[in-house]
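First up is the structure itself, then whatever we jot down about it.
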Amino acid sequence: MRHVVFHLLNDYSGSPKVLRGVVEHMLADGDDVRLYTSRGGTLDALDAPRLRHSAIPYTFSPRKAATLLRYVWAQLLSFGCALSYALSKDTDFYINTILPVGAALGARLAGKRVTLHCHENPAAKSRAYLALAGVMLRLADRVVCVSKFQADRLADLFPRLKNIEIVPNSLSRDFLSALRPDPETAFERRNVLMLTSLKAYKGMREFLNLASMLPQYRFTLVVNDTAANIRVWLRSNGITPAANVTIHPRQREVARFYNEASLVMNLSNPRLFVETFGMTALEARAARLPVIAPPTGGIAELITDGTDGYLIDCHDTPRLIQAVETLLTDRELYLRLAAGAT
């Protein structure tokens, strides 16, 4: 069997990480894989005799018009590449995220089966994105969702959609093998970690504000963007990080940050954005670190409040402060929540 796989933005965020695991499973089953994606992210590390990489140039730009033009060009290229498999036997298509609609359309015109791995909640984005999702879901023969929350939202938005499967995300063997879980030592570090992207709704402002109010602890922020773009964001928002904050730009491997942390936070704003899964919460659990996460969305399915972390709205600053202070001063409570994360 040959799998033709499409993914547009290849960075170090959750969706390409998950796709890397999917492709590794395909290869382990003895199948051939042709991967179409951009360069510069976690998918670049895939290397096997039965794997072929083909570049689809797509990156974000600070200018929306430029990003849109790049997206349209990527769709045209993806459509042509997918259509070229019309005469190829024993070939199916695996489309990662809602964005590569051109690839899905080309695959259906070529008479091929299409699996869509959907990571997004289209209702949380623009009307154009919601319309794009509607087209993509109609083209897919099979839709893989990452959480019950996400599957329920898609079913509400598209009542006729019947081909939904729930497959929670998993972690790579490389990541798991690099972890060094040690709750006793982690408690002593007093280090609060958040991994995020450079989006207002992802909680960077809230994290930095929290750090300024808790100078007795260390705060580590890993941002999926360049150092230059992080500096521009800080300057444009008038933010000077407190002395107890360390900010890292985009990283190839993140296990070391979990090995140096005491607890992990996700401060996504549920009024602007609802997590369909929450990869950092899953990674934190594997590292036996307590997690503070939003009380809604797919991420809330990963954390049991009071058992392996706390579910707290990012706007509830007093409760966030209390949770951090309690966790990093009460050893018995900390070790109980760390044990609950296993």
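The values are calculated or read from the model by the stated rules, or taken from the named source; none is laboratory data. What you see is a predicted model; the values in this text were computed from it and never measured. In this analysis, Cβ positions are derived from the backbone assuming ideal geometry, glycine residues included, and neighbour counts consider all displayed protein chains. For the accessible areas, the whole protein counts, side chains as well, though only heavy atoms, and no ligand, DNA or RNA atoms are used. Shrake-Rupley method; radii C 1.70, N 1.55, O 1.52, S 1.80 Å.
Below is a table of values for the structure above.
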| item | result |
| --- | --- |
| All positions within region 257-274 that are open to solvent by 20 Å² or more (accessible area, probe 1.4 Å), of a type outside the set (A, V, I, L, M, F, W, C) and part of a loop (DSSP other than H, G, I, E, B) | Glu260, Pro270, Arg271 |
| Sole exception among (1) out of contact with any Leu (no Cβ under 7 Å at 6 or more places or on another chain); (2) crowded, with 19+ Cβ neighbours inside 10 Å; (3) outside any loop (DSSP other than H, G, I, E, B) for Phe277, by number | (3) |
| Scope region 23-36; condition part of a helix (DSSP H, G or I) and either aromatic (Phe, Trp, Tyr) or touching a strand residue (DSSP E or B) at 6+ places or on another chain (Cβ under 7 Å) (or both); matching residues | Val23, Met26, Leu27 |
| Count of region 67-108 residues which are in a loop (DSSP other than H, G, I, E, B) and not hydroxyl-bearing (Ser, Thr, Tyr) | 7 |
| Of all residues in region 280-307 being open to solvent by 10 Å² or more (accessible area, probe 1.4 Å) and among the charged types (D, E, K, R), the one that is nearest to Phe187 (Cα to Cα) | Arg288 |
| Residues of region 317-329 that turn out to be in a loop (DSSP other than H, G, I, E, B) and either in contact with a Pro (Cβ under 8 Å, 6 or more places away or on another chain) or open to solvent by 60 Å² or more (accessible area, probe 1.4 Å) (or both), as a count | 1 |
| Residues being in a loop (DSSP other than H, G, I, E, B), open to solvent by 50 Å² or more (accessible area, probe 1.4 Å) and in contact (Cβ under 8 Å) with a residue 40 or more places away in the chain - total across region 210-231 | 0 |
| Every pair of residues 6+ apart whose Cβ atoms lie under 7 Å, when the first sits in region 245-256 and is surrounded by 15 or more Cβ atoms within 10 Å (Cβ to Cβ) while the second is part of a strand (DSSP E or B) and aromatic (Phe, Trp, Tyr) | Val245/Phe219 |
| Single condition Tyr334 does not satisfy, out of (1) surrounded by 19 or more Cβ atoms within 10 Å (Cβ to Cβ); (2) touching a residue at least 40 places away in the same chain (Cβ under 8 Å); (3) more than 20 Å from Lys202 (Cβ to Cβ); (4) touching a strand residue (DSSP E or B) at 6+ places or on another chain (Cβ under 7 Å) | (4) |
| Of all residues in region 109-129 being more than 19 Å from the chain's Cα centre (by Cα) and in a helix (DSSP H, G or I), the one that is surrounded by the most Cβ atoms within 10 Å (Cβ to Cβ) | Leu109 |
